[in-house]
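A quick write-up on the structure given underneath.
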Amino acid sequence: MAKTTLITLMIVLSTCLPGCIPKQKVIDDIELPQILSIDSDGKSYKGAILIPRYKAMGDTEFKLIDTVSSSNYDLIPRINRRTKHQIEKGQLGMVLLGNDYSEKGIGDQLQSLTRDPKIPSMLQLGVAEGNAAELLDIIQKSGEPFFLTYMVEQNINNGNLPMMNLHEALFNYYGEGRDMFLPFFKKEQGEVKIDGLALFRKDKKIININNEEAFLLNLLLNHAKVGRYMVPGTKEALNEDPEKQILIHINKSKVSKHVKIEESAPSISIRLEMNVKVEEIPDLAVLKSKAKVTKLEKKMGNHFEKEIQTLLSFFQENNVDPVGFGDLVRHKSKDLNSKELSEMYPEINTHVRVDVTINQSGTTE
């Protein structure tokens, strides 16, 4: 009896399980775009994807497929009509947005990405100087569809860029009292390079900042452990040559912000502590004198204070808040609404103090 019951149970399970297990899609039966571009000329939208075509002997070629529509919502469905297999977004590494499209507003695209459960949260977003599709042509010829994604991640991990991905972009976009920023790409001599950041107000691109300014923003946002920066030195360090500068590498940094609500306008005090290594200096002997090193540290601190203060003023003049000052004020004074925060932001008083400590190891002439 027990044996008969067991056999019956096995038969039932064998017929039920195939229907219970989600249907798996074979990789040969789907298209996996690895980069998507979106452009707009004000009247229509152009979308393009780069998908791999696997050949014999391990070779791969990449096909670019594009389409035009009056709405950016159906760009992928339109492209899907021109492919042999269904498009799946699970391997999408970069969504590249044209400059005109970004200035018009990318909120609808952000919402679309948010709703799609197949989109990886580590997806990178970026803005192209001109048409995004032109950069896809370069990437296609290079045979490296994840090149832009890897370039952004490498410059976050080893360079001057702050943390960025879809998750961070959505946090800044939906968060109150802060604004989104994305890597900005440009074409130069037939290649693609990162040329700083594109800064947004809500969902519209407003201004760009260069790579040096992106480095300063990173210092304000994170406890940075990497990054290189050229700074002016003392006369002794430059051998009396004002054209020469000093290259420093960030070993570590720590930033703290203190908000004070005052009657006229809020004030924010920023304290930045930096431990740096001098990588290149005209006169190596400067680092052998404690007095000269102290003077150089002071000079560097003053330089960073001035540059950061200038950058913060630039943000306020353009009413963009990538540092999240509005969020800091909101937590200090919870009675303020979004409109009041926005109106108050340009009036916030900022005070910056930077202390630099030089670690002499690893210096070269």
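In table form, for the structure just shown:
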| quantity | calculated |
| --- | --- |
| Residue ID - nearest to the chain's Cα centre (by Cα), chosen from residues in region 48-107 that are under 25 Å from Asp195 (Cα atoms) and open to solvent by 50 Å² or more (accessible area, probe 1.4 Å) | Glu103 |
| Count - residues of region 185-224 that are of a type in the set (A, V, I, L, M, F, W, C) and open to solvent by 10 Å² or more (accessible area, probe 1.4 Å) | 5 |
| Residue that is farthest from Ser342 (Cα to Cα) [pool: residues in region 298-330 that are of a type in the set (A, V, I, L, M, F, W, C) and touching a Gly at 6+ places or on another chain (Cβ under 9 Å)] | Met300 |
| Residue, modelled with the lowest pLDDT, within region 268-324, restricted to residues that are part of a strand (DSSP E or B) and buried (at least 17 other Cβ atoms within 10 Å of the Cβ) | Val278 |
| Single match in Ile261, Ile246 (criterion: open to solvent by 60 Å² or more (accessible area, probe 1.4 Å) and among the aliphatic types (A, V, I, L, M)) | Ile261 |
| All positions within region 325-335 that are charged (D, E, K, R) and either open to solvent by less than 10 Å² (accessible area, probe 1.4 Å) or in a helix (DSSP H, G or I) (or both) | Asp327, Arg330, Lys332 |
| Near pairs, Cβ below 6 angstrom, 6+ apart or cross-chain, from region 201-218 (over 27 Å from Lys339 (Cα atoms) and part of a helix (DSSP H, G or I)) to any residue that is polar (S, T, N, Q) and open to solvent by 10 Å² or more (accessible area, probe 1.4 Å) | Asn211/Asn160; Ala214/Asn160; Phe215/Asn160 |
| Hey, Val152 crowded, with 19+ Cβ neighbours inside 10 Å, out of contact with any helix residue (DSSP H, G or I) (no Cβ under 9 Å at 6 or more places or on another chain) and not acidic (Asp, Glu) or not | yes |
| Region 154-200: number of residues that are part of a loop (DSSP other than H, G, I, E, B) and touching a residue at least 12 places away in the same chain (Cβ under 8 Å) | 15 |
| Selected residue (criterion: nearest to Arg228 (Cα to Cα)) from residues of region 157-184 that are among the aliphatic types (A, V, I, L, M) and surrounded by 19 or more Cβ atoms within 10 Å (Cβ to Cβ) | Leu161 |
| Any hit, region 233-256, residues being in a helix (DSSP H, G or I) and within 26 Å of Lys332 (Cα to Cα) | no |
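The values are calculated or read from the model by the stated rules, or taken from the named source; none is laboratory data. Since this is a predicted model, take the numbers as computed values, not measurements. Heads up, the Cβs are rebuilt from the backbone with ideal geometry, glycines too, and the neighbour counts pull from every protein chain shown. Note: accessible area is taken over every heavy atom of the protein model, side chains too, but ligands, DNA and RNA are not part of it. Shrake-Rupley method; radii C 1.70, N 1.55, O 1.52, S 1.80 Å.
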